Amino acid sequence: MKKIFLLILCMICLSSCAREPSVEETILGGWTNKTGDAYIYLKIKMESKWESSVKLTDSSLKIIQVKGTASGEWHIEDNTLVLTVFESNIDKFFKKNATNFYEIIKLDDNVLQLMDANGRTATWQAVKILKNKADGDVVISIKMEPFTINLNKTRSRDKDRYLCLALNIVLKEIMPGESMQKIHPKAREAVLLYLSSLVYKDVQNLDQIKELQGKLRTILNPYMGNMVDKVEIDHVILATTIDRVEEFLIEHSLKARISKKQDGAGNKKDKGK
């Protein structure tokens, strides 16, 4: 009897694992639709919530301005996506307090095709998020080589202090047709020039370091096609000796080599497959 129970339990598990995902599961996530010079971004969230934003773009597909946002609740009814709008300042696309009905013509991991009540069809593309090959974490970011700066002195008798930073540039969402933004060669030079102008009192506490992240974002954005969402300082130390600076550089050099080695091992495995 016990064996029969276990067999039935295994069959139920196998049936559950093998089933196709439901419409409600497949539709979750981010979708974009391009209309003229604007991208409509629609995010279908769990717990029946949704939100949308309209972003104007230039000819190079770089997002330059958020035009407006909307949000509300959603559900699926007879293969129809029902969006109820609670908040909106983009009435052209989602009128506040309205309920919109969209028949689902096609839905898979890449494409969502909807037809509205007037018979107009719109095709939405799934927003693909880049992944770090080494650890699988979801990221849209670029790590910069660490910076080590000899801080300026306000008085000649002040002792030497060194600012050591490891930066991570977090990019805005990447729209369909875009590729990962590369760092312009002069971006590092611009950061070095700014950091070299600082004195100890500019970076002596946590609040000042947080403020520094915003300033670095302003400096880097022109060299990154205005695609920088924020700059994260992963590691910072204020050293008083060259030995400590060297330790910082060695530490980050080792991390980079380990990461590169792991990534290379992963690629070899993939090729073996």
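What the table below lists for this structure:
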| item | result |
| --- | --- |
| Among (1) modelled with pLDDT of 90 or more; (2) out of contact with any Lys or Arg (no Cβ under 8 Å at 6 or more places or on another chain); (3) of a type in the set (D, E, K, R), the one test that Lys62 misses | (1) |
| Matching residues, the stretch 187-201, being part of a loop (DSSP other than H, G, I, E, B) and aliphatic (A, V, I, L, M) | Leu198 |
| Of all residues in the stretch 1-47 being surrounded by fewer than 13 Cβ atoms within 10 Å (Cβ to Cβ) and either in a strand (DSSP E or B) or among the small types (Gly, Ala, Ser) (or both), the one that is modelled with the highest pLDDT | Ser22 |
| Residues that are under 16 Å from Met144 (Cα atoms) and in contact with a Leu (Cβ under 6 Å, 6 or more places away or on another chain), drawn from the stretch 190-228 | Met227, Val228 |
| Among the candidates Leu167, Leu206, Leu249, Leu220, residue that is modelled with pLDDT under 90, over 30 Å from Val111 (Cα atoms) and within 18 Å of the chain's Cα centre (by Cα) | Leu167 |
| Contacts under 8 angstrom Cβ, first residue in the stretch 106-117 being under 18 Å from Lys43 (Cβ atoms), partner assigned to a loop (DSSP other than H, G, I, E, B) and at pLDDT 90 or above, 6 or more apart | Leu107/Ile27; Leu112/Ile27 |
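The values are calculated or read from the model by the stated rules, or taken from the named source; none is laboratory data. Just so we're clear, the structure is a prediction, and the values are computed from it rather than from any experiment. Don't worry about glycine lacking a Cβ; one is built from the backbone with ideal geometry, like all the others, and counts go over all protein chains shown.
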